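The values are calculated or read from the model by the stated rules, or taken from the named source; none is laboratory data. Not measured: the values here are computed from a predicted model. Note: ideal-geometry Cβ built from the backbone for every residue, glycine included; neighbour counts use all protein chains shown. Just so you know, the surface numbers come from the protein's heavy atoms only, side chains and all, with ligands and any DNA or RNA stripped out. Shrake-Rupley method; radii C 1.70, N 1.55, O 1.52, S 1.80 Å.
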Amino acid sequence: MYTDLPEERLRAHRSGVRNPEDFDRFWADTLAEARSAGFAVRVEPVPTDLAGIDVYDVTLPGFAGQPVRAWLRVPSGAGAALPTVVQYAGYGGGRGHPLENLLWAAAGYAHLQMDTRGQGSGWSRGDTPDPAPAGPEVPGVMTRGVADPRTYYYRRLITDAVRAVDAARALPAVDPERVAVLGHSQGGGLALAVGALVPDLRAVVAGVPFLCDIPRAIVVTDARPYREVRDYLAVHRDAEDRVLNTLAYVDGVNFARRCHLPARYSVALMDDIVPPSTVFAAVNAHAGPTELSVWRYNGHEAGGIEDDEAALRFLGKHLADDTDLAPGAGGG
């Protein structure tokens with residue numbers, strides 16, 4: 001069943017999420033601190049029985065220089081630096097198994113799939129802990145450290161996501177001038193944030209992005225993960241202003257307002273996990289050119305493989321080298 005506003009009202013929806021005055025300074029300082037810490041990216045080959053794709057186990061410095069794991073998958077025998085896709089996982093997932101998620105390398109791209117700190121036990125496995133001190137929180141990560149933007153979980157995860165792009169660009173297999181970011185749900189929200197914070201990327205693919213128009217989301221859906229915030233506020237009754245202020249620093253609408261990159265979004269009108277209006281809020285706030293697929297009869301899975309097919313076409317255009325044909329665009 002439809003879970004939100006009628007479609008004509010969805011297309012006109014604008015978010016009223018607060019835009020903190022120090023938003024840009026907050027993120028500039030956070031990223032500068034992270035980039036000043038850490039270690040050289042570590043890359044180790046992973047033995048597999050794959051004939052056409054090489055897999056590497058990557059450890060990169062994330063928030064505060066803390067180690068974050070990733071898989072790098074590249075076409076076997078690639079003789080030059082490749083256009084690259086950096087991918088982020090949905091809520092509860094991690095980087096998974098090295099033999100999973102072979103589409104992007106099969107299409108001719110270098111593919112860095114970042115692990116998700118403190119998650120990776122819901123539907124795919126992860127290998128990266130979140131060493132931050134615990135505090136009062138609802139099970140899950142949506143309210144971890146939510147009393148202050150500086151201690152909030154998603155400050156750390158978004159920083160990891162930016163540093164994954166930095167790490168990818170340092171790898172010999174990667175053409176640093178041709179990098180795009182993508183993800184579904186939480187991964188789409190991370191891709192949108194990185195697109196705003198790393199403005200020289202080529203493109204963003206954000207499938208049913210989570211973390212957009214959060215004040216609306218927590219009152220129009222009863223599903224988790226947004227339910228975690230509502231449950232927290234039901235107990236911490238005096239914390240609403242403080243919590244909403246923290247969430248504004250990670251809200252995808254505020255990142256969309258600052259993202260001038262070409263972006264491809266998808267939305268599903270029967271999605272009860274990411275309310276459709278919250279996706280339209282990000283699309284309508286986006287500062288750059290956008291494409292949007294609207295799936296009227298789907299839930300949170302959205303367009304599935306058809307979203308992937310459309311993303312291949314989109315990235316084939318935006319990651320193309322002017323001197324030759326891009327992967328996924330009919331050659332290469």
*Highest first, please rank the peptides 255-263, 46-54, 105-113 by the mean number of other Cβ atoms sitting within 10 Å of their residues.*
105-113, 255-263, 46-54
*Taking R0 as 22 Å, what's the FRET efficiency between E137 and E240 from their Cβ-Cβ distance, rounded to 0.05?*
0.85
*Can you list the residues, at least 5 places off or on another chain, whose amide H is less than 5 Å from the amide H of D271, using H built in the peptide plane?*
T3
*Heavy atoms of F39 accessible to a 1.4 Å probe, total area in Å² rounded to 10*: 60
*Starting at the first residue of the stretch 119-134, write each ³J(HN,Hα) from the Karplus equation 6.51 cos²θ - 1.76 cosθ + 1.60 with θ = phi - 60°, in whole Hz, x for Gly and Pro.*
10, x, 9, x, 9, 8, 8, x, 9, 10, x, 10, x, 5, x, 7
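Please give the direction-averaged projected area of the C-alpha convex hull for the chain, in square nanometres with one decimal. Please list the in-between numbers first.
Working: hull surface 63.8 nm².
So the mean shadow area of the Cα hull is 16.0 nm².
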*Can you tell me how much longer the chain between H97 and A80 gets when fully stretched, taken as 0.36 nm per residue apart minus their C-alpha distance, in nm with one decimal?*
3.5 nm
*Please give the residues of the stretch 45-61, grouped as numeric ranges, whose backbone N is less than 11 Å from a label point set 7 Å along the Cα-to-Cβ vector of A170.*
59-61
*Would you kindly calculate the mean projected area, averaged across all directions, of the convex hull enclosing the Cα atoms of the stretch 1-155, in square nanometres?*
13.4
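In whole percent, and with a 1.4 Å probe on the protein chains, what portion of the accessible area of the chain is carbon and sulfur?
Working: 6960 of 13450 Å².
Taking all protein chains in place, the chain shows 52 percent carbon and sulfur surface.
Determine the sum of side-chain charges near S15: Lys and Arg each +1, Asp and Glu each -1, restricted to other residues whose C-beta is under 15 angstrom from that of S15.
Numbers: positive: R9, R11, R14, R18, R216, R257, R258; negative: D4, D213, D251.
It works out to a net charge of +4.
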*How many nm separate the modelled label positions at V46 and D222, each set 7 Å beyond the Cα in the direction of the Cβ?*
4.0
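Counting only protein chains, not ligands or nucleic acids, how are E306, E8 ordered by accessible area (probe 1.4 Å), most first?
Numbers: E306 105, E8 130 Å².
Largest accessible area first, the residues go E8, E306.
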*Return the distance in nm (one decimal) between the two label points of a simple spin-label model at R150 and Y2, each offset 7 Å from Cα along Cα→Cβ.*
4.6
*Could you give the distance between the Cα centres of the stretch 260-321 and the stretch 101-154, to the whole Å?*
21
*asked:* If the elastic network links every pair of Cα atoms under 10 Å, which of G38, G303, G126 fluctuates the most in the Gaussian network model of the chain?
replied: G38
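How many percent of the alpha carbon pairs in the stretch 175-320 exceed a separation of 22 Å?
On the way: 3886 of 10585 pairs.
Tail fraction, whole percent: 37.
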*Do the sum for the chain: with -39,500 (n - 2.57) for every DSSP H run of n ≥ 4, divided by all residues, what is the mean residue ellipticity at 222 nm, to the nearest 500 deg cm²/dmol?*
-9500 deg cm²/dmol
*Rounded to the nearest 0.05, what FRET efficiency do Y297 and D29 give with R0 = 41 Å and r taken as the Cβ-Cβ distance? Could you check?*
0.40
